[in-house]
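Engineer: One structure, pasted below without further comment.
The values are calculated or read from the model by the stated rules, or taken from the named source; none is laboratory data. Remember, predicted model here, so these are calculated numbers, not experimental data. As a convention, Cβ positions derive from the backbone with ideal geometry for all residues, glycine included, and neighbour counts pool all protein chains shown. Side chains included, ligands, DNA and RNA excluded: accessible areas come from the protein's heavy atoms. Shrake-Rupley method; radii C 1.70, N 1.55, O 1.52, S 1.80 Å.
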Amino acid sequence: MKAMAALEETFQKRAEAVSAIVAKVAGMAEAFDYALDLCERKEACQLLAAGCGEPLSADAEALCGLKQQKVIAAPALSTEAWTELKQRCDPKGILLTDRPLRRHLAGIDIGFTMADLGIAETGTLVIDSGSEEVRLATMISEIHVAVLPISRLRRDALSAEAELREFMQKPAGYLAFITGASRTADIERVLAIGVHGPLELHVLMLEEV
């Protein structure tokens, strides 16, 4: 137990060092409530229409102020989990979708995923991203909420070698290593967050599976 607690502490410390927000949840119901609360508190993604600064007709003007319905993308959930999350989304007017996410390239508020592994040494999530929908949910959402079962925590990448090999044996597979929110400093070494992916990464450490 002490060893697992130490792993949790290391993972949280390293993940928070790269701007991830880490919280512990007792079950999936609590994880769903966390994501919904986050979605309700944020501004809806806004369509970026060209020409809104120019004189427009009333109808076109209305389009410029159009806000999308809030969207949570949650691909790869089990049928049971999907149903439970949808029952929470519907009364709040939040659209829950899992495909095709290409139809939502103008904005997804929350990408909700399940992490396959966590690497404590670097605060990294490992997510099997063979599905395009999972890749899009983790890349085009404004906020990425990932649930990481504590039992899937590993001390370092070497400790996860056998599992990583298994993932990589899948034909044409994608395995994502995600550490913190999307960031880049390739232009004049000025750090920018959320340029190539989500502005925020929330990791929910799940006590039960």
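Engineer: Determine whether Gly111 is within 25 Å of Asp37 (Cα to Cα) and modelled with pLDDT of 95 or more.
Structural biologist: When the stated conditions are applied, Gly111 passes them.
Engineer: Return yes or no: is Leu38 at pLDDT 90 or above and either open to solvent by less than 60 Å² (accessible area, probe 1.4 Å) or not in a helix (DSSP H, G or I) (or both)?
Structural biologist: Yes, satisfied.
Engineer: In this structure, does Glu121 turn out to be over 29 Å from Val71 (Cα atoms) and of a type in the set (D, E, K, R)?
Structural biologist: So Glu121 fits the description; yes.
Engineer: Just a yes or no: is a residue in segment 137-153 surrounded by 15 or more Cβ atoms within 10 Å (Cβ to Cβ), within 18 Å of Thr124 (Cβ to Cβ), in contact (Cβ under 8 Å) with a residue 40 or more places away in the chain and basic (Lys, Arg)?
Structural biologist: no
Engineer: OK, next. Where in segment 107-148 are there strands (runs of 3 or more DSSP E), lying wholly inside it, with at least 1 residues that are of a type outside the set (Phe, Trp, Tyr) and within 12 Å of the chain's Cα centre (by Cα)?
Structural biologist: Passing ranges, in order: 108-114, 124-128.
This table checks each residue for (1) of a type outside the set (A, V, I, L, M, F, W, C); (2) within 24 Å of Ala3 (Cβ to Cβ).
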{"residue": "Pro91", "(1), (2)": "yes, no"}
{"residue": "Leu96", "(1), (2)": "no, no"}
{"residue": "Asp116", "(1), (2)": "yes, yes"}
{"residue": "Arg155", "(1), (2)": "yes, yes"}
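Engineer: Just name the residue that is farthest from Ala17 (Cα to Cα) out of those in segment 121-136 that are buried (at least 22 other Cβ atoms within 10 Å of the Cβ) and among the small types (Gly, Ala, Ser).
Structural biologist: Here the residue is Ser129.
Engineer: Consider Arg165 against the criteria (1) surrounded by 15 or more Cβ atoms within 10 Å (Cβ to Cβ); (2) over 20 Å from Leu85 (Cβ atoms): it satisfies all of them except one. Which criterion is unmet?
Structural biologist: Of everything listed in (1) surrounded by 15 or more Cβ atoms within 10 Å (Cβ to Cβ); (2) over 20 Å from Leu85 (Cβ atoms), Arg165 misses just condition (1).
Engineer: Could you check segment 11-35 and list, in sequence order, the residues that are open to solvent by less than 50 Å² (accessible area, probe 1.4 Å) and assigned to a helix (DSSP H, G or I)?
Structural biologist: If the condition is that a residue be open to solvent by less than 50 Å² (accessible area, probe 1.4 Å) and assigned to a helix (DSSP H, G or I), then Phe11, Ala15, Met28, Ala29, Ala31, Phe32, Ala35 are the ones that fit.
Engineer: Ala160 is checked against (1) over 24 Å from Met28 (Cα atoms); (2) surrounded by fewer than 17 Cβ atoms within 10 Å (Cβ to Cβ); (3) out of contact with any helix residue (DSSP H, G or I) (no Cβ under 8 Å at 6 or more places or on another chain) and fails just one. What number does that condition carry?
Structural biologist: That leaves (2) as the condition not met.
Engineer: Counting only residues that are buried (at least 21 other Cβ atoms within 10 Å of the Cβ) and assigned to a loop (DSSP other than H, G, I, E, B), how many does segment 90-106 have?
Structural biologist: Of the residues in segment 90-106, 1 are buried (at least 21 other Cβ atoms within 10 Å of the Cβ) and assigned to a loop (DSSP other than H, G, I, E, B).
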